[in-house]
Amino acid sequence: MEKILEVRDLHVTFHTYAGEVQAVRGVNFEVGKGEAIGIVGESGCGKSVTAQSILKLLPQPPVQYKQGSILFNGQDLLKKSEKEMEKVRGKEISMIFQDPMTSLNPTMTVGKQIAEGLTKHHKMSAAAAHKRAVELLEMVGIPQPERRVNQYPHEFSGGMRQRAMIAIALACQPQLLIADEPTTALDVTIQAQILELMKELQKKLGTSIILITHDLGVVADMCERVIVMYAGKVVESGTVDEIFYNPQHPYTKGLLRSVPRLDQNRNEPLTPIYGTPPDLLKPPAGCGYAARCESAMRVCQLYDPKLDMVRSNHQSACWLHHPLAQGKTGS
Amino acid sequence: MLRFTLKRLGWALLTLWMVITLTFVLMHSIPGNPFAKEGKMPPGVFENLMRYYHLDEPLYVQYGLYLKSLLQFDFGPSIKSSTLTVNDYIREGFPVSLHLGLQALIIGVTLGIIFGVFAALYHNRYPDYLSMVLAIIGLSVPNFILATVFINYVAVEWGLLPPAQWGTWKHTILPSLALAAMPMAFTARLMRSSMLEVLSQDYVKTAKAKGIAKSMVILKHTIRNAILPIVTVLGVIATNLVTGSFVIEHIFGIPGMGEMFVKGIFNRDYPVILGSTVFYSAVLIFLTFVIDVLYTWIDPRIKVTGGE
Ligand SMILES: Nc1ncnc2c1ncn2[C@@H]1O[C@H](COP(=O)(O)OP(=O)(O)OP(=O)(O)O)[C@@H](O)[C@H]1O
Ligand SMILES: [Mg+2]
């Protein structure tokens, strides 16, 4: 499949008074044209930092892109100037944020907020952009778009605001849409509607999607491939089927065990992952998960495992896959 | 909007009436009378004066008389001046104070907003430190010191502008600047913190993610939102400025309203004290109303509750 985005060995740090927080420590993944991938992992593992690095949205300082490259259609975004990035943001790559209640400007009409990108990137006149904003609102399923377009965000419900955010993001028909927990702040029925809408629009417009979420169910529903992140690194990646039915990394297995399933006996307890992720101010030399891992070996404390192919379309970073560790397979 | 206005008008009148009553009671509860400083005078003359100004009547009658004349927009005569009424004072003093105050307001708030915005954009860097040092100076150096410094250097030593008096636009510059320092400093600090808060909002990130240039993001998505707290305090700042500053008007020899108020208190000139207090309150109430209307215009969320 033709690749649209390749993230190679990305390192991102925050300079703080306490020291350098290594939020992302060597992330590798790629997104194909028209493909939807999911990024999962517990809170603080660097999902949002990775996503916002792609658009270079994080303020520098305190953020520094230490190492690596982000190739978008072959061009390294990390090497682009701020002016060049403005031509990518919103036009080639768009982003939707977690909380629709705070991600729209309260003092500007929804229509104007949609039109902004159109006047900037497509040099549309104000009238043409307004007309297009109405069409976009209609496309994302907002009733009475002619009236709604002139309303302010506070006149919209949470679900409608997220629809409006999607309209903003898709206004210039970007090739890649990054959605950072787009449904976390919404209630369940609205969640399903928003996901349905994203799926439908993806099919219609052929946009590639990076979907960040805590919710493994959402990933199974929306994505073809999954990337599991832990402590600023990718620990496992593969197709949805591989990750869900044949997880290799102990962290992924733990993650899957901690989610309730319908076919599970009600009396069978859920298994949480005990402990907390490492402090990214002083990340461990070895595997980030070693301290919490049931099958940790001595090598895990000392050396960091590489992300290795366990099968075609499935990679995992764990010393247990090493030939010398065979037979010691973890739970 | 009409209902909103009428309701506000009702509240304004009630507030004004309370201010009048309170000032009236307080003023008369201070011992002494307006003629205490005149030295000895024959008892007959004193009684005549008291009768002429209705000061011999019981308080409630005086109160009633005062309210009655106020309803006719008559603030009464000045006891100290045999020819001028309080209305004359206001008519002559207010335009001068208003002119000076507006000029100071515009200079102070504009510069304050600019400094505040830059301080926030360069948070914890030199422009930030510089603005905040300026702000602290503005807040802590009293304006009469600034005024004397200005007069000494700009007017006397360098001879660029007239040192005092009121007349041409050149006369207005130094007093306006001296008067603007405090609101400038205050606005700069407020704008800085408000701007910092807005800059960290998600919608600023959304705007950036749309590919809008940084300068446009700041102009269209942050300043308008950050300015709301400034608008809130603008009413009080504006009232203080346009009703005149005794100190500045005194130093520069400006015939404004501030002088009249303070002299009125010293002279126990009852109608002047009452008149200026009522006038001051009326200006404050009016400006607060204007600010509220302005507010609904800047922040669309307020219309919903304010309009109904
Ligand atoms: N402004 C900041 N200053 C310092 N460290 C930060 C800052 N923002 C994020 N980090 C660090 O970066 C790491 C990754 O954060 P990130 O927001 O990417 O997590 P996440 O995976 O998106 O979590 P969540 O699921 O809660 O959104 C965190 O451990 C956090 O400590
Ligand atoms: Mg996040």
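The values are calculated or read from the model by the stated rules, or taken from the named source; none is laboratory data. Since the structure is predicted, the reported quantities are computational estimates derived from the model, not experimental observations. As a convention, Cβ positions derive from the backbone with ideal geometry for all residues, glycine included, and neighbour counts pool all protein chains shown. Heavy atoms of the whole protein, side chains included, go into the accessibility calculation; ligands, DNA and RNA do not. Shrake-Rupley method; radii C 1.70, N 1.55, O 1.52, S 1.80 Å.
Which FRET efficiency value, to the nearest 0.05, do you get for residue B:11 and residue B:247 by plugging their Cβ-Cβ distance into 1/(1 + (r/R0)^6) with R0 = 30 Å? Write out the running numbers ahead of the final one.
Values: r = 32 Å, r/R0 = 1.08.
E(calc), rounded to 0.05, equals 0.40.
Name the shape class, rounded, prolate or oblate, that the alpha-carbon gyration tensor gives for chain B, where a ≥ b ≥ c are the square roots of its eigenvalues, rounded holds for a/c under 1.5, and otherwise prolate holds if a/b is larger than b/c and oblate otherwise. Please list the in-between numbers first.
Details: a/c = 3.15, a/b = 1.62, b/c = 1.94.
Oblate shape, in that a/c is at least 1.5 and b/c is the bigger or equal ratio.
Cut-off 10 angstrom, C-alpha nodes, Gaussian network model of chain B. Which of B:88, B:56, B:128 fluctuates the most?
The residue that fluctuates most here is B:56.
Over region B:91-268, what number does the Rg to Rh ratio reach, with both radii from the alpha-carbon atoms and Rh per Kirkwood?
Values: Rg = 18.9 Å, Rh = 17.6 Å.
Here Rg/Rh amounts to 1.08.
Using the C-alpha atoms of region A:276-327, what convex hull volume per residue, in cubic angstrom, is computed? The partial results should precede the final answer.
Working: hull volume 4.8 nm³, N = 52.
Spread over its residues, the Cα hull of region A:276-327 gives 92 Å³ apiece.
Give the peptides A:97-103, B:47-53 in descending order of average Cβ contacts within 10 Å, highest first. Mind dumping the intermediate values first?
On the way: A:97-103: 21.4, B:47-53: 14.0.
Result, highest mean first: A:97-103, B:47-53.
Ignoring ligands, DNA and RNA, please state the percent of accessible area on region A:133-243 from carbon and sulfur, probe 1.4 Å.
Numbers: 1860 of 3810 Å².
Carbon and sulfur: 49 percent of the exposed surface of region A:133-243.
Please report the spacing between the Cα centers of region A:132-206 and region B:113-134 in Å, no decimals.
38
Put simply, what bits of region A:81-95 lose 30 Å² or more of accessible area when the other protein chains are there, versus the chain on its own (1.4 Å probe)?
Buried-area filter returns A:86, A:89.
How far apart, in nm, are two points set 7 Å out from the Cα along the Cα-to-Cβ line at residue A:73 and at residue B:148?
The modelled label-to-label distance comes out at 7.0 nm.
In deg cm²/dmol and to the nearest 500, what is the mean residue ellipticity at 222 nm of chain A if only DSSP H runs of at least 4 residues count, each as -39500 (n - 2.57), divided by the residue total?
Value at 222 nm, helices only, nearest 500: -9000 deg cm²/dmol.
Ballpark to the nearest 100 Å², how much total accessible area do B and A bury together, probe 1.4 Å?
Working: alone 17750 and 16140 Å², together 31710 Å².
Answer for the B-A pair: about 2200 Å² buried.
Once Rh is set to the Kirkwood radius over Cα pairs, what Stokes-Einstein translational diffusion coefficient, in µm²/s, holds for the protein assembly as shown at a temperature of 4 °C and a viscosity of 1.567 mPa s? Working shown, then result.
Details: Rh = 30.1 Å.
After rounding, the answer is 43 µm²/s.
Would you please name the GluC sites (Glu not before Pro) within region A:104-149 that are DSSP coil residues with at most 13 other C-beta atoms within 10 Å of their C-beta?
Numbers: sites: A:116, A:135, A:138, A:146; in loops: none.
Of the GluC sites (Glu not before Pro), not one in the loops of region A:104-149 has a Cβ with at most 13 other Cβ atoms within 10 Å.
When each pair of different Cα atoms in chain A is counted once in the 1/r mean, what is the Kirkwood radius in angstroms, to one decimal? Present the calculation step by step, with values, prior to reporting the outcome.
Details: mean 1/r = 0.0474 Å⁻¹.
So the Kirkwood estimate lands at 21.1 Å.
Regarding region A:67-160, what are the three Cα extents along the principal axes, ordered largest first, in Å?
Taking the Cα atoms of region A:67-160, the three principal extents are 46, 30, 23 Å.
Which value in Å does the Kirkwood hydrodynamic radius of region B:47-90 take, with 1/r averaged over all unlike C-alpha pairs and then inverted?
11.1
Counting only heavy atoms of the protein chains, get the accessible area per residue of chain A (1.4 Å probe) and round it to a whole Å² value. Show your work: numbers first, answer last.
On the way: 15110 Å² over 331 residues.
Roughly 46 Å² per residue, with all protein chains present.
Helices from chain B with mean Kyte-Doolittle at least -1.0 and a Cα length along the axis of 24 Å or more, per DSSP H: which? Display every interim value, and only then the final one.
Values: long enough: B:2-29 (40 Å, 1.16); B:86-121 (49 Å, 1.33); B:169-199 (40 Å, 0.75); B:270-298 (42 Å, 1.74).
Sorted by number, the helices that extend far enough and score high enough are B:2-29, B:86-121, B:169-199, B:270-298.
Where the centre of each part is set by its Cα atoms, how far does region A:1-72 sit from region B:44-89, in angstrom?
79
Counting only Cα atoms, I'd like the Rg/Rh figure for region B:246-308, Kirkwood definition for Rh.
Working: Rg = 17.6 Å, Rh = 14.1 Å.
My calculation of the ratio gives 1.25.
What is the packing order of peptides B:64-72, A:292-300, B:100-108, taking the mean over residues of other C-beta atoms within 10 Å and listing the highest first? Present the calculation step by step, with values, prior to reporting the outcome.
Numbers: B:64-72: 12.8, A:292-300: 16.8, B:100-108: 21.8.
Output ranking for B:64-72, A:292-300, B:100-108: B:100-108, A:292-300, B:64-72.
So how far apart, in nm, are the two label points at residue B:165 and residue B:72 if each is 7 Å from Cα heading toward Cβ?
4.0
Residues of region A:102-145 with accessible area at least 50 Å² lower in the all-protein-chain context than alone (1.4 Å probe)?
Checking the loss per residue gives A:102, A:105, A:106, A:107, A:116.
With a probe of 1.4 Å, find how much accessible area region B:91-268 has per residue, and write the answer as a whole number in Å². Could you put the intermediate results ahead of the total?
Values: 8380 Å² over 178 residues.
Roughly 47 Å² per residue, with all protein chains present.
Going down the list A:33/A:199; A:47/A:79; A:79/A:112; A:79/B:205; A:282/A:306, which pairs span over 24 Å between their C-alpha atoms?
Beyond 24 Å: A:79/A:112.
As I understand it, the value is the acute angle between the Cα axis of helix A:110-121 and the longest principal axis of the Cα atoms of chain A; what does it come to in degrees, rounded to 10?
Helix A:110-121 sits at roughly 80 degrees to that axis.
Could you work out the Kirkwood radius for region B:1-151, taking every pair of different alpha carbons, averaging 1/r and inverting it, reported in Å?
Details: mean 1/r = 0.0480 Å⁻¹.
So the Kirkwood estimate lands at 20.8 Å.
Sorted by packing (mean other beta-carbon atoms within 10 Å per residue), highest first, where do B:163-170, A:238-245, A:164-171, A:314-321 land?
Details: B:163-170: 12.0, A:238-245: 18.4, A:164-171: 26.6, A:314-321: 22.5.
Put in order of decreasing packing, that is A:164-171, A:314-321, A:238-245, B:163-170.
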